[in-house]
Amino acid sequence: METLHDKRVLITGGGSGIGADMALGFAEAGARVTIVGRRQEALERVAGQHDNIDVQVADVTDEAAMLSLFDTLGEVDVVIANAGAADSAPLERTDLAHWQRMLDVNLTGVYLTLREGLKHLRPGGRLLAVASTAGLKGYAYVGAYCAAKHGVVGLVRALAQETAARGITVNALCPGFTETPLLEASIDTIVDKTGRTTEQVREHFTRTNPSGRLVQPADVTATALWLCGPGSDAITGQAISISGGEI
Ligand SMILES: NC(=O)c1ccc[n+]([C@@H]2O[C@H](COP(=O)([O-])OP(=O)(O)OC[C@H]3O[C@@H](n4cnc5c(N)ncnc54)[C@H](OP(=O)(O)O)[C@@H]3O)[C@@H](O)[C@H]2O)c1
(Lines give C-alpha, C1' and ligand atoms only; values in the text may rest on other atoms or scores of the structure.)
Protein backbone atom coordinates (compact mmCIF):
# COMPACT_ATOMS: atom_id res chain seq x y z
CA MET A 1 0.00 0.00 0.00
CA GLU A 2 1.51 3.37 -1.04
CA THR A 3 0.73 5.43 2.06
CA LEU A 4 3.68 7.79 1.57
CA HIS A 5 3.35 8.36 -2.17
CA ASP A 6 5.98 10.84 -3.45
CA LYS A 7 7.09 11.90 0.05
CA ARG A 8 10.80 12.80 0.11
CA VAL A 9 12.64 10.81 2.80
CA LEU A 10 16.27 11.03 3.91
CA ILE A 11 17.80 8.18 5.90
CA THR A 12 21.37 8.31 7.21
CA GLY A 13 23.20 5.02 7.64
CA GLY A 14 20.97 3.51 4.94
CA GLY A 15 23.60 1.16 3.54
CA SER A 16 23.04 -1.62 6.09
CA GLY A 17 21.03 -2.94 9.02
CA ILE A 18 18.12 -0.87 10.30
CA GLY A 19 18.68 2.00 7.83
CA ALA A 20 18.63 -0.34 4.81
CA ASP A 21 15.42 -1.99 6.01
CA MET A 22 13.79 1.41 6.59
CA ALA A 23 14.85 2.56 3.10
CA LEU A 24 13.15 -0.45 1.52
CA GLY A 25 10.06 -0.09 3.75
CA PHE A 26 9.61 3.60 2.92
CA ALA A 27 10.29 2.98 -0.78
CA GLU A 28 7.68 0.20 -0.75
CA ALA A 29 5.23 2.70 0.80
CA GLY A 30 5.73 4.95 -2.25
CA ALA A 31 8.26 7.45 -0.83
CA ARG A 32 11.28 8.74 -2.77
CA VAL A 33 14.14 7.78 -0.48
CA THR A 34 17.73 9.05 -0.34
CA ILE A 35 20.13 6.98 1.73
CA VAL A 36 23.36 8.40 3.11
CA GLY A 37 26.55 6.79 4.36
CA ARG A 38 30.30 6.75 3.84
CA ARG A 39 30.56 3.53 1.78
CA GLN A 40 29.14 4.03 -1.71
CA GLU A 41 29.10 0.28 -2.56
CA ALA A 42 26.98 -0.53 0.49
CA LEU A 43 24.52 2.23 -0.42
CA GLU A 44 24.37 1.09 -4.06
CA ARG A 45 23.58 -2.48 -3.00
CA VAL A 46 20.49 -1.24 -1.14
CA ALA A 47 19.46 1.22 -3.87
CA GLY A 48 19.73 -1.60 -6.41
CA GLN A 49 16.80 -3.32 -4.69
CA HIS A 50 14.21 -0.58 -5.35
CA ASP A 51 13.72 2.09 -8.03
CA ASN A 52 12.60 4.66 -5.42
CA ILE A 53 15.97 4.73 -3.62
CA ASP A 54 18.95 6.89 -4.51
CA VAL A 55 22.25 7.42 -2.75
CA GLN A 56 24.44 10.24 -1.46
CA VAL A 57 27.83 9.68 0.09
CA ALA A 58 28.41 11.83 3.19
CA ASP A 59 29.86 11.56 6.67
CA VAL A 60 27.25 12.69 9.21
CA THR A 61 29.96 14.10 11.48
CA ASP A 62 31.16 16.51 8.77
CA GLU A 63 29.22 19.77 8.96
CA ALA A 64 30.22 20.97 5.48
CA ALA A 65 29.23 17.63 3.96
CA MET A 66 25.82 17.74 5.67
CA LEU A 67 25.18 21.32 4.49
CA SER A 68 26.06 20.32 0.96
CA LEU A 69 23.91 17.17 1.17
CA PHE A 70 20.78 19.12 2.13
CA ASP A 71 21.51 21.81 -0.48
CA THR A 72 21.55 19.07 -3.11
CA LEU A 73 18.36 17.44 -1.80
CA GLY A 74 16.19 20.53 -1.37
CA GLU A 75 12.90 20.08 0.49
CA VAL A 76 12.15 16.87 2.37
CA ASP A 77 9.16 15.43 4.24
CA VAL A 78 10.89 12.95 6.54
CA VAL A 79 14.43 12.93 7.97
CA ILE A 80 15.69 9.87 9.82
CA ALA A 81 19.00 10.26 11.70
CA ASN A 82 19.95 6.61 11.94
CA ALA A 83 23.72 6.43 11.34
CA GLY A 84 25.59 5.21 14.39
CA ALA A 85 28.32 2.98 15.76
CA ALA A 86 28.87 1.16 19.05
CA ASP A 87 32.44 0.73 20.28
CA SER A 88 32.85 -0.94 23.66
CA ALA A 89 35.36 -0.69 26.51
CA PRO A 90 35.26 -0.43 30.30
CA LEU A 91 35.24 3.25 31.23
CA GLU A 92 38.79 3.16 32.67
CA ARG A 93 39.98 2.01 29.24
CA THR A 94 37.78 4.42 27.25
CA ASP A 95 40.34 6.88 25.94
CA LEU A 96 39.42 10.34 24.76
CA ALA A 97 39.53 9.29 21.09
CA HIS A 98 36.98 6.50 21.73
CA TRP A 99 34.75 8.88 23.73
CA GLN A 100 34.93 11.56 21.03
CA ARG A 101 34.27 9.08 18.20
CA MET A 102 31.11 7.83 19.92
CA LEU A 103 29.83 11.34 20.62
CA ASP A 104 30.70 12.49 17.09
CA VAL A 105 28.82 9.83 15.17
CA ASN A 106 25.98 9.06 17.61
CA LEU A 107 25.19 12.54 18.93
CA THR A 108 26.80 15.28 16.83
CA GLY A 109 25.81 13.41 13.66
CA VAL A 110 22.19 13.35 14.83
CA TYR A 111 22.33 17.03 15.79
CA LEU A 112 23.65 18.02 12.33
CA THR A 113 21.14 15.78 10.53
CA LEU A 114 18.14 17.08 12.48
CA ARG A 115 19.30 20.70 12.42
CA GLU A 116 19.80 20.76 8.65
CA GLY A 117 16.79 18.51 8.11
CA LEU A 118 14.55 20.93 9.98
CA LYS A 119 15.69 23.81 7.75
CA HIS A 120 14.62 21.83 4.67
CA LEU A 121 11.48 20.22 6.11
CA ARG A 122 8.10 20.78 4.47
CA PRO A 123 5.16 21.72 6.71
CA GLY A 124 3.85 18.74 8.65
CA GLY A 125 7.21 16.99 8.30
CA ARG A 126 8.63 14.27 10.50
CA LEU A 127 12.01 14.04 12.22
CA LEU A 128 13.15 10.72 13.66
CA ALA A 129 16.35 9.70 15.42
CA VAL A 130 17.34 6.09 15.94
CA ALA A 131 18.59 6.19 19.53
CA SER A 132 18.59 2.90 21.48
CA THR A 133 17.50 1.31 24.72
CA ALA A 134 21.01 2.57 25.60
CA GLY A 135 19.37 6.01 25.53
CA LEU A 136 16.99 4.92 28.29
CA LYS A 137 19.09 2.68 30.57
CA GLY A 138 22.71 1.80 31.22
CA TYR A 139 24.69 -1.14 29.85
CA ALA A 140 28.17 -2.08 31.06
CA TYR A 141 31.19 -1.37 28.82
CA VAL A 142 29.46 1.08 26.47
CA GLY A 143 29.57 4.25 28.58
CA ALA A 144 30.39 6.56 25.69
CA TYR A 145 27.70 5.01 23.47
CA CYS A 146 25.13 5.20 26.30
CA ALA A 147 26.02 8.82 27.02
CA ALA A 148 25.60 9.73 23.35
CA LYS A 149 22.28 7.89 23.03
CA HIS A 150 20.92 9.50 26.22
CA GLY A 151 21.96 12.79 24.59
CA VAL A 152 19.92 11.96 21.49
CA VAL A 153 16.82 11.38 23.64
CA GLY A 154 17.37 14.76 25.33
CA LEU A 155 17.84 16.50 22.00
CA VAL A 156 14.63 14.98 20.61
CA ARG A 157 12.63 16.01 23.68
CA ALA A 158 13.91 19.59 23.46
CA LEU A 159 13.45 19.93 19.71
CA ALA A 160 9.88 18.60 19.91
CA GLN A 161 9.03 21.56 22.15
CA GLU A 162 10.38 23.95 19.51
CA THR A 163 8.56 22.43 16.55
CA ALA A 164 5.20 21.26 17.95
CA ALA A 165 3.36 24.49 17.10
CA ARG A 166 4.51 24.11 13.47
CA GLY A 167 2.97 20.64 13.19
CA ILE A 168 6.39 18.99 12.97
CA THR A 169 6.90 15.90 15.11
CA VAL A 170 10.27 14.71 16.46
CA ASN A 171 10.67 11.29 18.03
CA ALA A 172 13.40 8.87 19.07
CA LEU A 173 13.22 5.17 18.26
CA CYS A 174 14.87 3.05 20.93
CA PRO A 175 15.50 -0.50 19.73
CA GLY A 176 16.90 -3.17 21.99
CA PHE A 177 19.49 -5.62 20.66
CA THR A 178 18.71 -5.79 16.95
CA GLU A 179 19.97 -8.32 14.42
CA THR A 180 22.24 -6.17 12.22
CA PRO A 181 25.95 -5.95 11.26
CA LEU A 182 26.48 -3.66 14.29
CA LEU A 183 25.27 -6.41 16.66
CA GLU A 184 27.38 -9.01 14.82
CA ALA A 185 30.45 -6.82 15.35
CA SER A 186 29.62 -6.47 19.07
CA ILE A 187 29.23 -10.26 19.36
CA ASP A 188 32.62 -10.79 17.64
CA THR A 189 34.28 -8.33 20.05
CA ILE A 190 32.87 -10.14 23.09
CA VAL A 191 33.89 -13.54 21.67
CA ASP A 192 37.44 -12.19 21.17
CA LYS A 193 37.66 -10.66 24.63
CA THR A 194 35.98 -13.38 26.71
CA GLY A 195 36.56 -16.65 24.88
CA ARG A 196 32.82 -17.35 24.97
CA THR A 197 31.29 -18.83 21.82
CA THR A 198 29.25 -16.83 19.32
CA GLU A 199 26.17 -18.86 20.28
CA GLN A 200 26.66 -18.11 24.00
CA VAL A 201 26.95 -14.37 23.37
CA ARG A 202 23.98 -14.34 21.00
CA GLU A 203 21.95 -16.23 23.62
CA HIS A 204 22.99 -13.64 26.24
CA PHE A 205 21.71 -10.77 24.06
CA THR A 206 18.51 -12.66 23.26
CA ARG A 207 17.83 -13.24 26.96
CA THR A 208 17.83 -9.46 27.67
CA ASN A 209 14.63 -9.32 25.60
CA PRO A 210 11.64 -10.65 27.56
CA SER A 211 10.06 -11.64 24.24
CA GLY A 212 12.87 -14.16 23.86
CA ARG A 213 14.09 -12.95 20.47
CA LEU A 214 16.39 -10.33 19.04
CA VAL A 215 14.65 -7.23 17.68
CA GLN A 216 14.49 -7.29 13.87
CA PRO A 217 15.12 -4.25 11.66
CA ALA A 218 11.55 -4.69 10.38
CA ASP A 219 10.25 -3.96 13.92
CA VAL A 220 11.98 -0.57 13.78
CA THR A 221 10.80 0.12 10.22
CA ALA A 222 7.18 -0.56 11.18
CA THR A 223 7.41 1.96 14.03
CA ALA A 224 9.04 4.58 11.77
CA LEU A 225 6.33 4.12 9.12
CA TRP A 226 3.63 4.49 11.77
CA LEU A 227 5.19 7.76 13.04
CA CYS A 228 5.26 9.11 9.47
CA GLY A 229 1.76 7.98 8.51
CA PRO A 230 -1.71 9.38 9.12
CA GLY A 231 -2.89 9.67 12.71
CA SER A 232 0.53 10.21 14.31
CA ASP A 233 0.35 14.03 14.59
CA ALA A 234 -0.13 13.98 18.36
CA ILE A 235 2.99 11.92 19.04
CA THR A 236 6.06 14.07 19.52
CA GLY A 237 9.00 14.32 21.89
CA GLN A 238 8.77 10.60 22.66
CA ALA A 239 11.46 8.00 23.12
CA ILE A 240 9.74 4.82 21.96
CA SER A 241 11.18 1.57 23.20
CA ILE A 242 11.20 -1.23 20.61
CA SER A 243 12.59 -3.94 22.82
CA GLY A 244 10.01 -6.61 23.49
CA GLY A 245 9.53 -5.29 27.02
CA GLU A 246 13.21 -4.93 28.06
CA ILE A 247 12.44 -1.38 29.17
N1 LIG B 1 21.88 -3.26 16.23
C2 LIG B 1 21.49 -2.94 17.45
O3 LIG B 1 21.47 -3.80 18.37
C4 LIG B 1 21.01 -1.54 17.75
C5 LIG B 1 20.23 -1.34 18.90
C6 LIG B 1 19.78 -0.06 19.20
C7 LIG B 1 20.10 1.00 18.37
N8 LIG B 1 20.85 0.79 17.25
C9 LIG B 1 21.15 1.95 16.44
O10 LIG B 1 20.61 1.76 15.15
C11 LIG B 1 21.32 2.57 14.22
C12 LIG B 1 21.66 1.72 13.00
O13 LIG B 1 22.57 0.71 13.40
P14 LIG B 1 22.55 -0.78 12.82
O15 LIG B 1 22.37 -1.69 13.96
O16 LIG B 1 21.64 -0.87 11.65
O17 LIG B 1 24.08 -0.93 12.41
P18 LIG B 1 24.87 -0.90 11.02
O19 LIG B 1 24.33 -1.92 10.10
O20 LIG B 1 26.30 -0.92 11.39
O21 LIG B 1 24.47 0.53 10.43
C22 LIG B 1 25.08 1.73 10.78
C23 LIG B 1 25.16 2.57 9.52
O24 LIG B 1 25.63 3.86 9.88
C25 LIG B 1 26.52 4.28 8.87
N26 LIG B 1 27.48 5.21 9.46
C27 LIG B 1 28.32 4.98 10.48
N28 LIG B 1 29.08 6.06 10.71
C29 LIG B 1 28.70 6.99 9.81
C30 LIG B 1 29.11 8.30 9.54
N31 LIG B 1 30.07 8.91 10.25
N32 LIG B 1 28.51 8.98 8.54
C33 LIG B 1 27.53 8.39 7.79
N34 LIG B 1 27.10 7.14 8.01
C35 LIG B 1 27.68 6.46 9.01
C36 LIG B 1 27.19 3.02 8.35
O37 LIG B 1 27.57 3.16 7.00
P38 LIG B 1 29.06 3.57 6.54
O39 LIG B 1 30.00 2.73 7.35
O40 LIG B 1 29.08 3.26 5.08
O41 LIG B 1 29.19 5.03 6.78
C42 LIG B 1 26.09 1.99 8.48
O43 LIG B 1 25.38 1.82 7.27
C44 LIG B 1 22.55 3.10 14.97
O45 LIG B 1 22.32 4.43 15.38
C46 LIG B 1 22.62 2.19 16.19
O47 LIG B 1 23.26 2.80 17.27
C48 LIG B 1 21.30 -0.45 16.93
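Would you mention how many residues in segment 44-62 are touching a Phe, Trp or Tyr at 6+ places or on another chain (Cβ under 9 Å) and of a type outside the set (Val, Ile, Thr)?
Within segment 44-62, residues that are touching a Phe, Trp or Tyr at 6+ places or on another chain (Cβ under 9 Å) and of a type outside the set (Val, Ile, Thr) number 1.
Among the residues of segment 16-57, how many are without any contact (Cβ under 8 Å) to a residue 40 or more places away in the chain and among the small types (Gly, Ala, Ser)?
So the answer is 6.
Here are some conditions: (1) assigned to a helix (DSSP H, G or I); (2) more than 20 Å from Glu184 (Cβ to Cβ); (3) open to solvent by 20 Å² or more (accessible area, probe 1.4 Å). Phe26 meets all but one. Which one does it not meet?
(3)
Ala129: among the hydrophobic types (A, V, I, L, M, F, W, C), within 10 Å of the ligand (Cβ to nearest atom) and not in a helix (DSSP H, G or I), yes or no?
So Ala129 fits the description; yes.
Against the condition over 28 Å from Leu127 (Cα atoms), assigned to a helix (DSSP H, G or I) and in contact with a Ser or Thr (Cβ under 7 Å, 6 or more places away or on another chain), how does Thr189 come out, does it pass?
yes
Within segment 30-85, track down each residue that is crowded, with 23+ Cβ neighbours inside 10 Å, in a loop (DSSP other than H, G, I, E, B) and more than 15 Å from the ligand (Cβ to nearest atom).
Ala31
Would you pick out the residues in segment 114-138 that are over 14 Å from Cys174 (Cα atoms) and touching a Phe, Trp or Tyr at 6+ places or on another chain (Cβ under 9 Å)? Break it down into steps so the answer makes sense when it comes.
Taking segment 114-138 first, the residues over 14 Å from Cys174 (Cα atoms) are 114-127.
Correct list: Glu116, Gly117, Lys119, His120.
Scanning for something surrounded by fewer than 21 Cβ atoms within 10 Å (Cβ to Cβ), in contact with a Leu (Cβ under 9 Å, 6 or more places away or on another chain) and within 21 Å of Leu103 (Cβ to Cβ), does segment 142-149 turn up at least one residue?
yes
If a residue has to be open to solvent by 50 Å² or more (accessible area, probe 1.4 Å), more than 15 Å from the ligand (Cβ to nearest atom) and farther than 18 Å from Tyr111 by Cα to count, how many in segment 86-99 make the cut?
Going through segment 86-99 one residue at a time, the tally reaches 5.
The values are calculated or read from the model by the stated rules, or taken from the named source; none is laboratory data. Here the structure is a predicted model, which means the values were calculated and not measured. Virtual Cβ from ideal backbone geometry, glycine too; neighbours counted across all protein chains shown. Just the protein is used for accessible areas: all its heavy atoms, side chains included, with ligands, DNA and RNA removed. Shrake-Rupley method; radii C 1.70, N 1.55, O 1.52, S 1.80 Å.
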